[in-house]
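> I'd like to ask you about the structure that follows.
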Amino acid sequence: MKVCWLRFCWLLLILCCKENRPIPEPGPNEVLLRMHSVGICGSDVHYWQHGRIGDFVVKDPLVLGHEASGTVIKVGSGVTHLQPGDRVAIEPGVPREIDEFCKLGRYNLSPTIFFCATPPDDGNLCRYYKHSASFCYKLPDNVTFEEGALVEPLSVGIHACRRAGVTLGSKVFVSGAGPIGLVNVLVAKMMGAAVVVVTDLSASRLQKAKEIGADFTIQVKNETPQEVASKVESLLGCMPEITVECTGVQACIQAGIYATRSGGTLVLVGLGPEMVTVPIVNAAVREVDIKGIFRYCNTWPMAIALLASKRINVKPLVTHRFPLEKALEAFETTKRGEGIKVMLKCDPTDHNP
């Protein structure tokens, strides 16, 4: 019975979009939003399929969705910077308290942070949603709702490339050409990377990487991690100073260590098994710095400015669109790995980008 009940809850992760719930009332420092566009993330699919990610376990029906934008329709009594009619991008992580991490400006590391669609916190794949006004950012007129929703994955790329230290002239290896790998390509090139090489299993995703600015691509087949690293070096003419690993796959992490130049930096973005075997001594004796990232912080204003100025174009990442009523079909599409970014349209009167 326990297994069946859990499976029932997991199914509700998707089917809850058909459940009628009361329209929430915003608190003093909150806004009520009519949702417009919500992107499907790999973590959403993982919760749907497995009911957990690491220590975050689904115990009750959960609303998914954290890549989102919408329109303000009501503001709380304490809100002054937003008004009804404003189009906004939503930062899904909201600190619940001003702890040591908030004081350091690294609020993403706060252990008590609210985060959309991470148990037990509901996400925003729904018609109406309330959120902290301080974490809703007004969109310029020339930035679409879909671009606003894509600020979330774009923020992962910004945070990763900041942590990596990408700068003018950097030679960068991006492992994985899924949505997160692709936004890292976009951000690395915008930050001044001279050359970016991308690896993946999928030829179509590598083609998309080339279209958005990757200089070289490698389709991985049966190569060992050392062989992949050798191919990266051969294409670049040297070992990259920076590797951004976006898959979480053990062999890819190994390839990232072998590929990175001595004294360089490997940033782990993809999340895989809790325990992996890696050539840690190889990294240690060559002083390869290994850094992790957890979501992002202080990125929304920068991301929106980049979109508004057209310095970064995320529009090609959206390959599929579905109305909210077809959420299950949208999730199945994402699960099969079709396209790049699947977008759900929550406003029945407006399915435009």
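Any read-out appearing in this document is the output of simple, stated calculations on the displayed coordinates, not a laboratory observation. What you are looking at is a predicted structure, and each value in this text was computed from that prediction instead of being measured. Don't worry about glycine lacking a Cβ; one is built from the backbone with ideal geometry, like all the others, and counts go over all protein chains shown.
> Give me the one-decimal nm value for the distance between modelled label points at R311 and N20, 7 Å along each residue's Cα-to-Cβ direction.
So the two model labels end up 4.8 nm from each other.
> Of the options T243, L182, P301, report the single residue whose Cα projects farthest towards the positive end of the charge dipole of the chain (beta-carbon charges: Lys, Arg +1; Asp, Glu -1).
Highest projection toward the positive end goes to L182.
> Okay, moving on. Magnitude of the Cβ-charge dipole of the stretch 286-336, K/R +1 and D/E -1, about the Cα centre, nearest 20 debye?
160 debye
> GluC sites (Glu not before Pro), restricted to the stretch 245-353: which are DSSP loop and have at most 13 other Cβ atoms within 10 Å?
Values: sites: E245, E274, E287, E325, E329, E332, E338; in loops: E274, E287, E338.
Those that pass, being in a loop and sparsely packed, are E274, E287, E338.
> Give me T80, T224 ranked fewest to most by other Cβ atoms within 10 Å of their Cβ, as a rough exposure proxy. Provide the component values of the computation, followed by the final result.
Details: T80 8, T224 12.
By the 10 Å Cβ count, ascending, the order reads T80, T224.
> Hey, what does the equivalent ellipsoid look like for the chain, semi-axes from the Cα gyration tensor as sqrt of 5 times each eigenvalue, largest first, whole Å? Please report the intermediate quantities before stating the final value.
On the way: eigenvalues 232, 98, 79 Å².
Computed over the chain, the values are 34, 22, 20 Å.
> Taking the alpha-carbon set of the stretch 180-336, what are its Rg and Dmax in Å?
In order Rg, Dmax, the Cα atoms of the stretch 180-336 give 16.8, 54 Å.
> Still on this structure: So for I312, I293, fewest C-beta neighbours within 10 Å to most, what's the order?
I293, I312
> Output the antiparallel fraction of DSSP beta bridges having both residues in the stretch 156-292, as a percent to the nearest 5. If you can, show how the numbers build up before the last one.
On the way: 0 of 21 bridges.
Here the share of antiparallel DSSP bridges comes out near 0 percent.
> Please enumerate, by chain and number, the aspartates and glutamates with C-alpha under 12 Å from the C-alpha of K171, excluding those fewer than 8 residues away in the same chain.
D215, E233, E241
> May I ask you to list, by number, the DSSP H helices of the chain whose Cα span along the axis is at least 15 Å and whose average Kyte-Doolittle hydropathy reaches 1.0 or more? Could you put the intermediate results ahead of the total?
Values: long enough: 2-15 (19 Å, 1.81); 151-164 (19 Å, 0.31); 179-190 (17 Å, 1.58); 225-236 (17 Å, 0.02).
For the chain, where a helix must reach 15 Å along its axis and average at least 1.0, the hits are 2-15, 179-190.
> What's the center-to-center distance, using Cα atoms, between the stretch 40-61 and the stretch 168-223 in Å?
Centre-to-centre (Cα) distance: 28 Å.
> Name the long-range amide H neighbours of R321: under 5 Å, sequence gap of 5 or more, or other chain; modelled H, no Pro or chain starts.
For R321, the qualifying residues are M343.
> Tell me which lysines have Cα within less than 26 Å of K103's Cα, excluding those fewer than 8 residues away on the same chain?
K130, K138, K291
> Going by how many other beta carbons lie within 10 Å of each one, how would you line up R162, R286, fewest first? Please report the intermediate quantities before stating the final value.
Working: R162 18, R286 15.
Placing the least packed residue first, the sequence is R286, R162.
> Could you work out the helix-only [θ] at 222 nm for the chain, with each DSSP H run of four or more residues adding -39,500 (n - 2.57) and the total divided by the number of residues, to the nearest 500 deg cm²/dmol? Mind dumping the intermediate values first?
On the way: 12 runs with 114 residues, N = 353.
Computed mean residue ellipticity for the chain: -9500 deg cm²/dmol.
> Shifting gears a bit: Using unit Cβ charges (K, R positive; D, E negative) and no other charged atoms, how large, in debye to the nearest 20, is the dipole of the chain about its Cα centre? Show your work: numbers first, answer last.
On the way: 37 positive and 35 negative charges, 64 e Å.
About 300 debye.
> Next question. How big is the dipole moment of the stretch 143-278 about its Cα centre under a simple scheme where the beta carbon of each Lys and Arg is +1, that of each Asp and Glu is -1, and everything else is neutral? Debye, nearest 20, please. Could you put the intermediate results ahead of the total?
Values: 10 positive and 12 negative charges, 47 e Å.
It comes to approximately 220 debye.
> Still on this model: Just the number, please: percent antiparallel of the DSSP beta bridges in the chain, rounded to the nearest 5. The partial results should precede the final answer.
Details: 28 of 54 bridges.
Rounded to the nearest five, the antiparallel share is 50 percent.
> With θ set to phi - 60° and the Karplus curve 6.51 cos²θ - 1.76 cosθ + 1.60, what are the ³J(HN,Hα) couplings of the stretch 91-105 in order, to the nearest whole Hz, using x for Gly and Pro?
7, x, x, 10, x, 8, 8, 8, 9, 4, 6, 5, 5, 7, x
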